[in-house]
Amino acid sequence: MLGLDLKEIITVGMVLFAVIDIIGSVPIIINLRSKFGHIESEKASVVSGIILITFLFVGEELLDLIGIDVNSFAVAGSFVLFFLALEMILGIRIYTDEEASSASIVPLAFPLIAGAGTMTTLLSLKSQFHTTNIIIAILLNVILVYIVLKSSSKIERMLGKNGLGVVRKTFGVVLLAIAVKLFAANVKGLFL
């Protein structure tokens with residue numbers, strides 16, 4: 001059929017869920033909401049979904065244009081994921097960006113949801129999984145992002161500060177394992 005595989009969808013979905021880390025981003029979302037008022041959950045979710053799906057299709061061609069193969073990008077992506085995982089596990093900030101001036105599409109849809117880590121992960125996943133399964137996993141994650149954006153205040157109250165920390169660290173360990181797997185799977189391709 002279209003290469004639909006539930007196991008692949010779940011695997012890719014979990015990888016993207018860990019990289020996007022929307023639950024771990026609840027404190028950031030709440031901070032943006034308090035600074036800038038209302039957050040357009042629908043707009044942020046749709047725009048991030050469009051960015052991710054577009055990059056899934058044109059990202060590889062973009063790399064070809066600048067002369068980088070997918071294996072190199074996947075290995076580089078594994079390093080990005082590794083450092084993202086360290087941030088999540090250790091509670092440190094390795095990457096910092098300028099303070100946002102608006103909570104519209106930037107910084108919520110990009111780079112918080114559809115950031116460099118997520119885009120790198122997509123191309124890395126594309127080298128291992130069927131595109132249809134990745135698109136379904138993206139759509140499922142966009143729906144989850146929308147739900148979390150809509151109910152961020154409730155989630156914060158329900159999990160509490162400690163609960164959010166546990167979720168973030170757990171997904172950090174999952175992300176670390178994924179980074180190691182991506183590195184191992186693609187590093188051989190660099191020397192062929």
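At a glance:
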item	result
Total charge dipole magnitude, the chain, about the Cα centre, Cβ charges on Lys, Arg, Asp, Glu only, Debye to nearest 20	740 debye
Which of Thr118, Thr54 is most accessible, then next, and so on - probe 1.4 Å	Thr54, Thr118
Whole-number accessible area per residue in Å² for the chain, which is evaluated in the context of all protein chains at 1.4 Å	53 Å²
Sequence of Met119, Met14, Met88 when ordered by accessible area, the most exposed leading, probe 1.4 angstrom	Met14, Met119, Met88
Answer label for Cα extents along the principal axes in Å (calculated), chosen among (i) 66, 37, 32; (ii) 62, 37, 33; (iii) 51, 34, 33	(iii)
Set of lysines with alpha-carbon distance to Lys169 below 17 Å, sequence-local pairs under 8 removed	Lys161
By accessible area with a 1.4 Å probe, ligands and nucleic acids excluded, highest first: order of Ser34, Ser151	Ser34, Ser151
Computed helical MRE - 222 nm, the chain, DSSP H runs ≥ 4 contributing -39500 (n - 2.57), nearest 500	-25000 deg cm²/dmol
Apportionment of accessible area to carbon and sulfur, the chain, percent (1.4 Å)	70 percent
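The values are calculated or read from the model by the stated rules, or taken from the named source; none is laboratory data. What you see is a predicted model; the values in this text were computed from it and never measured. For neighbour counting, all protein chains shown are included, and Cβ atoms are generated from backbone atoms with ideal geometry for every residue, glycine included. When the accessible area is computed, the model is the full protein with side chains, heavy atoms only, and any ligands, DNA or RNA have been set aside. Shrake-Rupley method; radii C 1.70, N 1.55, O 1.52, S 1.80 Å.
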